[in-house]
Amino acid sequence: MRFRFRGGEDCPDWVLAEISTISKLSSIKLKLICIQILNHIEDETVKYNVFTKLIDNNMFTLSDVKGLVAALTFMLQSALRNDVESSSLDSELQQLGFLRNMPVL
């Protein structure tokens with residue numbers, strides 16, 4: 001399946017694999033994480049301590065946090081690069097397995 005946020009390309013398998021981990025987040029935590037990613041998208045280094053504070057450590061390992069942050073960063077950067085509107089991104093993310101009540105932005 002081809003996606004606009006990917007510039008007409010298919011979504012990589014590693015991103016698809018992280019969607020099950022991302023779906024364990026509440027919609028509020030997902031939104032907060034995405035806001036943090038967007039605020040620091042130009043930084044070369046990722047400060048995982050910011051994300052681990054937002055996420056329940058009992059449910060997620062550091063590896064889970066790194067994976068979901070990488071996948072969300074990839075999706076958001078791809079959407080920005082390809083100038084995808086929020087409504088289109090929401091629709092495509094639902095096709096990938098995001099729940100309807102879990103909008104990224």
message: Given the criteria part of a loop (DSSP other than H, G, I, E, B), crowded, with 17+ Cβ neighbours inside 10 Å, over 15 Å from the mean Cα position of the chain (by Cα) and not small (Gly, Ala, Ser), does Phe60 qualify?
response: yes
- prompt: Which one of these is in a helix (DSSP H, G or I), open to solvent by less than 50 Å² (accessible area, probe 1.4 Å) and of a type outside the set (D, E, K, R): Ile28, Ile37?
  reply: Ile37
query: Before we move on, is Thr21 more than 12 Å from Leu72 (Cα to Cα), open to solvent by less than 50 Å² (accessible area, probe 1.4 Å), among the β-branched types (Val, Ile, Thr) and touching a residue at least 12 places away in the same chain (Cβ under 8 Å)?
result: no
Filter result (in contact (Cβ under 8 Å) with a residue 24 or more places away in the chain and in contact with a Phe, Trp or Tyr (Cβ under 7 Å, 6 or more places away or on another chain)) within the range 40-69: Val69
query: Which of the residues belonging to the range 73-100 are under 11 Å from the mean Cα position of the chain (by Cα) and open to solvent by 20 Å² or more (accessible area, probe 1.4 Å)?
result: Thr73, Phe74, Gln77
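The values are calculated or read from the model by the stated rules, or taken from the named source; none is laboratory data. Values in this document were obtained by computation on a predicted structure and should not be read as measured data. A quick note on method: Cβ atoms are made from the backbone with ideal geometry, for glycine too, and the neighbour counts reach across all protein chains shown. These accessible areas exclude ligands, DNA and RNA; they are computed on the full protein's heavy atoms, side chains included. Shrake-Rupley method; radii C 1.70, N 1.55, O 1.52, S 1.80 Å.
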